[in-house]
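Take a look at the structure set out below.
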């Protein structure tokens, strides 16, 4: 049974009219003991079928451990959105957990962004990211029913596309309860910055960058 009805497929096809360069969707799954693995794989494959500029690669988290390590994948289901074609590149854009509910729109917008190879960030933010000298890891905890979460995830993914030092993860809080407990996620969205700092809510671009600068300064 299809996860995307005809109306949604039509809407996504309209969005994909803006695709420029090829994009590869890399899925990490497992046959046993993985909640939503099968659904995540099916969802990604149905989305990819809506444009000839999209390709899918599926790997087993255990059997293909070398590939998982190459992408830095440490939990499943996982999805990496990477540039394909003549200029392949992994920007560090990750989804951990099924991108359903409100996060489905994030998935579609991320695909378009990677295809266009443009983060859409302000010049000030681009300059701040260009000045980074150490890795920056953003983990955005979400739930599918949170209407404010996509904004936070999208911003993290935009930063990841802009800078090779940034990795942006969407983490579905319910699917990974041990992480929600570790990072004291009491509400979503909650963005964890380099393990030690966090910011609540869908923060505007300038506010998130200020928090990042603060976190990096404290670390130093």
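What follows draws every value from the coordinates through simple rules; no lab data is involved. None of the values given here were measured: they were computed from a predicted structure. Glycine also receives a Cβ, built like all others from the backbone with ideal geometry; neighbour counts cover every protein chain displayed.
Using the Cβ-Cβ distance between residue 214 and residue 123 with R0 set to 30 Å, the FRET efficiency from 1/(1 + (r/R0)^6) comes to roughly 0.90. If the chain linking residue 2 and residue 62 were pulled fully straight, counting 0.36 nm for each residue of separation and taking away their Cα-Cα distance, it would gain 18.9 nm. Taking the 0 to 90 degree range and rounding to the nearest ten, how far is the long axis of helix 37-48 tilted relative to the main principal axis of the chain, both from C-alpha atoms? Roughly 80 degrees between the two axes.
Hey, can you rank 70-77, 139-146, 56-63 by average C-beta count inside 10 Å, highest first?
Details: 70-77: 18.0, 139-146: 22.1, 56-63: 15.5.
Result, highest mean Cβ count within 10 Å first: 139-146, 70-77, 56-63.
Judged by the mean number of other Cβ atoms found within 10 Å, the most tightly packed of the peptides 9-19, 42-52, 99-109, 167-177 leads the ranking 167-177, 99-109, 42-52, 9-19. If you plug the beta carbon distance of residue 17 and residue 133 into 1/(1 + (r/R0)^6) with R0 = 35 Å, you get a FRET efficiency near 0.35.
Counted by neighbouring Cβ atoms within 10 Å, the residues 126, 94 run from fewest to most as 126, 94.
Annotation: extensible slack from residue 200 through residue 116 equals 27.3 nm (criterion: 0.36 nm per residue apart, minus Cα-Cα distance).
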